[in-house]
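Derivation of every value follows stated rules applied to the coordinates shown; laboratory data play no part. As the structure is a prediction and not an experimental result, all values here were calculated from the model. Heads up, the Cβs are rebuilt from the backbone with ideal geometry, glycines too, and the neighbour counts pull from every protein chain shown.
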Amino acid sequence: MIASGKKTEGKKNIYSMKNILDFNQFIDINEAYKPSSGMDYVKNVIKGGAKTVADFLKKPKVDKKTPIDNSEYWTLITIMACENFSDQKQGMSDTAQSIYNRLAVPNKPYGKTIKEIVLAKGQYEPVSVGKKRGADWNNINSKDKAITVYMKTKNLDRNKATAAINNAILAQKDPKLAKEAGKHVQSRTEFLADKPKSGGAAKPVERQSPKTNNAFFWNYAGKTKFYSKNDLAPKPKPGNVNVA
């Protein structure tokens, strides 16, 4: 079919030799898709939707995974651990979901990055408490630094800090915990240790053990940009902290 240059009945044969500039180019095409026969070659051309040799020779798009940002990731892990009891992995995942939600709010009122969100003045109590105790919240870019910041913030020994950080690592990458966090938190952007008393807080939710879990709700930019517009779906985990 290909070598003849003839048209097939009912359809224009766009794969005729006039579209192949020389034999070497034909070899390049076949090598790129490694067909086992001439018919495989034709199938590959059709699947690719190519109309010319140039189109067919274009390399297929490859989705590149976003590299992990150490500063973003370890700052997230540390706040997840600090805002929950050390054995509350689901609570840690819930906390992470609320931060992903904040990052997704249009115009970035909470911060342009996870680190900016966590370090924003007056937003997360462990940050302000930890800084007063000498914890370097501004430069968490490794597991060891996360453990050290947790130790100083919580005034606990290394063994307990390590256990808490390890649980946060597991919680952050666990797809089952993330799915449950999405159902519970939805697109809520705020949380407190106890149920909010402010009239501005919309639809607070707590898990069955409120004394050991945070209360999540919509307010401020999260309320106006998500809740008021009925945009309740949980926002996705950013690629730069998406550890498999």
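Cβ crowding within 10 Å ranks 212, 78, 162 as 212, 162, 78, fewest other Cβ atoms first. The calculated Kirkwood hydrodynamic radius for the stretch 70-241 is 15.8 Å, given to one decimal from all distinct C-alpha pairs. Each other residue within a Cβ distance under 12 Å of residue 138 adds +1 if Lys or Arg and -1 if Asp or Glu, for a net charge of +1. Given R0 = 41 Å, the distance between the Cβ atoms of residue 87 and residue 220 translates into a calculated FRET efficiency of 0.85. Remark: relative contact order (the stretch 176-225) = 40 percent; criterion is Cα-Cα distance under 8 angstrom and separation of 6 or more residues. Extension gain for the segment residue 66 to residue 156, taken as residue separation times 0.36 nm less the Cα-Cα distance, is 29.0 nm to one decimal. Once both labels are positioned 7 Å from their Cα atoms along Cα-to-Cβ, the gap between residue 194 and residue 229 label points is 3.4 nm. For the stretch 227-232, the Karplus equation 6.51 cos²θ - 1.76 cosθ + 1.60, evaluated at θ = phi - 60°, returns couplings of 4, 5, 9, 6, 9, 9 Hz by residue, with Gly and Pro reported as x.
Of the residues 154, 229, the one with the fewest other Cβ atoms within 10 Å heads the list, and the complete ranking is 229, 154.
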